[in-house]
Structure formats: structure tokens, C-alpha cells
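Down below is the structure, laid out as C-alpha cells.
Read-outs: derived from the displayed coordinates by stated rules, not from any lab. Note that this is a predicted model, so its numbers are computed, not measured. Cβ: placed from backbone, ideal geometry, glycine included. Neighbour counts: every protein chain shown.
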């Protein structure tokens, strides 16, 4: 788990790394190596931001690619005196929001199972899981956008609150607040689901 978490961190957390804004300034001057560094640094966070809108996995990939294309096209208008991450994040948000509006439905990328299941579930278990996933998807769909994004970045993509805060352009305390409310909402939905399941089973 520690290795996964370390791997999810954007490279700018390294004190020796070139700052995002310096790389963006270099891209403005036509430096392709600087562009490649920014793409490597932010590809996974941009995926997480797009996925927080619960669009289809293939659309998440499309949004991520288009985000960097749009950013490259608009790089001359970027002000290096301002943080780069929120600027890029806003492009990803706008693109993902447009995809969501077109599809007009919610869909959550499946959480990894970790390969713990040795065989296919029974029909009853499969139905229970399907119903539980539907409850989670419905509850996530009701969350405000910032809470969904914080949940996706920290609880699904294993970023720290500081990393998520930089991507979202907010204070770490704000991310923690969004996480708290998102987790409470999901716990309430899961608890209600379990109570209903026990009543039916009983």
C-alpha cells in the first residue's frame, strides 16, 4: 500500500523537482521535454478528476487526453505567476462536466477487487453486490462536485489531502471537510442498505 501511495503522488512533491510553473513557462517557449514532464506529472491526477464525474472509463481517457491538448493550445494564455495545477484541473473539470451533461447519467468506475475472490459469486451474492453498488453510485451522484472529487482523489486514487488540495486549488482543510461529508454520506447510505437487507432476510 505504501508503494501505491508513493506512486500516486505528483512529482512536484519532490523538493528537487522543477516547479510546475517553471515547466509551464518552458512549454510556452516551445520546450517539448518540459511538456512531457508535466504530462507525466499530472496524467494520473487528471484521470482522477475526470473519473469523479462518474463518466465511462473510456471517456475518462478521452477527457484526460483532451485536457492536455486544450492546455497546450491555451498555454500562451497561462500566467506562470499563478499555480499551474488548479488551472489544469479547471480544464479537466469543464471537459468532464460536458461529457456528463451529454450522457445525462451517472456511472462509477468499479473499485478494484484486489483479486481476493477465488470463484464467481452466487446469484444471491451477485444481486446483493449489484444493489449495494447502485446505492453507492446513487449517493455519490447526490454529492456536490467538490466532495466527489475529493473522495475520488484521496479515497480512490490514494492521494494525500495536500496533493488533492493542490490539484483542486483549495486548502487542505477544505479537502478534509469535503472528505468528511462524503464519507458520512456514504456510511449512512451503506448503513441504511444493511438495515433493509437484514429486515428482508429476517
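How many percent of Cα pairs in region 17-80 exceed 20 Å? Intermediate values should be presented prior to the final figure.
Numbers: 583 of 2016 pairs.
Summing the P(r) tail past 20 Å for region 17-80 gives 29 percent.
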Exercise. What whole number of Å gives the distance from the Cα centroid of region 157-179 to the Cα centroid of region 56-105?
Worked result: 18
Exercise. Once fully extended, how much extra length lies between residue 18 and residue 188, figured as 0.36 nm per residue of separation less the alpha-carbon to alpha-carbon distance?
Worked result: 56.9 nm
Exercise. Distance in nm between label sites at residue 70 and residue 180, each 7 Å beyond Cα in the beta-carbon direction?
Worked result: 3.2
